[in-house]
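The values are calculated or read from the model by the stated rules, or taken from the named source; none is laboratory data. Keep in mind it's a predicted model, so treat the numbers as computed, not measured. Backbone-built Cβ (ideal geometry, glycine too); neighbour counts: all protein chains shown. These area figures cover heavy atoms from the full protein model, side chains too; ligands, DNA and RNA do not enter into them. Shrake-Rupley method; radii C 1.70, N 1.55, O 1.52, S 1.80 Å.
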Amino acid sequence: MYIIPAVDILDQKVVRLREGDYQQITSYDVSLEEMIETYRSNGAELIHIIDLNGAKGDFSNQEYLFNIIKKTDMKIQYGGGVRSIEKVKELLGAGVHRVIVGTQAITNPDFLSELSREVGSKDGKTEKIVVAIDVLDEVIKYSGWMESSPIKLMDYVDKCLNLGFFRFLCTDINKDGKLGGAGIELYEKLLDHSPFIKLIASGGVSSMKDIEKLNKIKVESCVVGKAIYENRITVEEIKHWNLDALISI
């Protein structure tokens, strides 16, 4: 299992939200460039960046982010407001390593099939698409976790797999931003249903003990954000874990 350090950006500032609530923001006195360099110099290959402005349909951060991406050899897993095939292509063309799709994939029944044809099958880039599944008590949430989908969780996973998408970023909303531990039970259910999916766990990771639990159930990787900023997990610990994991991202 690989640990992916996470950075959320709002108005070009590094922040964290609690349970996705823009009214519960913690800002950090560090720039995105500094965060990337810290992780890069400590051996990280991949960083998870969420554009919180983009998630609201405001792409004022995009030029800033693209300029940073061009200057680094760090692989970027990017999410935030990716709601069209054109946006996916634009991000991949700008050098983004993986693009996260969420709301549009749920609300538009044809989006994933079109994406599979236009990006996946055509260019062999299915592995560069990460399907985000934000879950609250096994209900899929979208649009900033404000709306609930009638689609059953496992049915949605099956639909994605049938279209060639196999990497999922699953956030347990009950756990996110609270440093209360990862949603092990949810991830176990997903992996029991589909053992061969590439599962990225997100939400609640607060210590290396949580990392060990996730590793035990064989998730592919996990996203860690607030625990780093709050000094619950150190960059050195991430470095040593990823080196020992011997996984190429």
- Which of the residues that make up segment 92-124 are touching a helix residue (DSSP H, G or I) at 6+ places or on another chain (Cβ under 9 Å) and within 19 Å of I4 (Cβ to Cβ)? L92, G95, V96, H97, R98, V99, V101, G102
- Query: If we only count helices (runs of 4 or more DSSP H) wholly inside segment 1-83, which ones have 2 or more residues that are more than 19 Å from Q104 (Cβ to Cβ), touching a helix residue (DSSP H, G or I) at 6+ places or on another chain (Cβ under 8 Å) and modelled with pLDDT of 90 or more?
  - Reply: 32-41, 62-71
- Query: Residue check: is E45 in contact with a strand residue (DSSP E or B) (Cβ under 6 Å, 6 or more places away or on another chain) and open to solvent by 20 Å² or more (accessible area, probe 1.4 Å)?
  - Reply: yes
- Item | Residue check for R83: open to solvent by 20 Å² or more (accessible area, probe 1.4 Å), in contact with a strand residue (DSSP E or B) (Cβ under 9 Å, 6 or more places away or on another chain) and either acidic (D, E) or touching a residue at least 40 places away in the same chain (Cβ under 8 Å) (or both) | no
- Task: Mind listing just one residue for me: the one in segment 91-110 that is farther than 16 Å from F59 by Cβ and without any contact (Cβ under 8 Å) to a residue 24 or more places away in the chain and, of those, surrounded by the fewest Cβ atoms within 10 Å (Cβ to Cβ)?
- Result: D110
- Message: Which pairs turn up if I take residues in segment 129-144 that are free of Cβ contacts under 8 Å to residues at least 24 places away in the same chain and look for partners that are open to solvent by 50 Å² or more (accessible area, probe 1.4 Å) and part of a strand (DSSP E or B) with beta carbon separation below 7 Å, at least 6 apart in sequence or on another chain?
- Response: V139/S148
- Answer yes or no: is there a residue in segment 107-116 that is under 14 Å from F166 (Cβ atoms), of a type in the set (A, V, I, L, M, F, W, C) and out of contact with any Ser or Thr (no Cβ under 8 Å at 6 or more places or on another chain). yes
- Message: I want to confirm something. Restricting to segment 1-32 and keeping residues that are more than 16 Å from the chain's Cα centre (by Cα) and of a type in the set (D, E, K, R), which single residue is least open to solvent (accessible area, probe 1.4 Å)?
- Response: D21
- Query: Do we find that V119 is in contact with a Lys or Arg (Cβ under 6 Å, 6 or more places away or on another chain), aliphatic (A, V, I, L, M), crowded, with 18+ Cβ neighbours inside 10 Å and at pLDDT below 95 in this structure?
  - Reply: yes
- Message: Tell me whether segment 159-182 contains one or more residues that are part of a helix (DSSP H, G or I), touching a strand residue (DSSP E or B) at 6+ places or on another chain (Cβ under 8 Å) and open to solvent by less than 10 Å² (accessible area, probe 1.4 Å).
- Response: yes
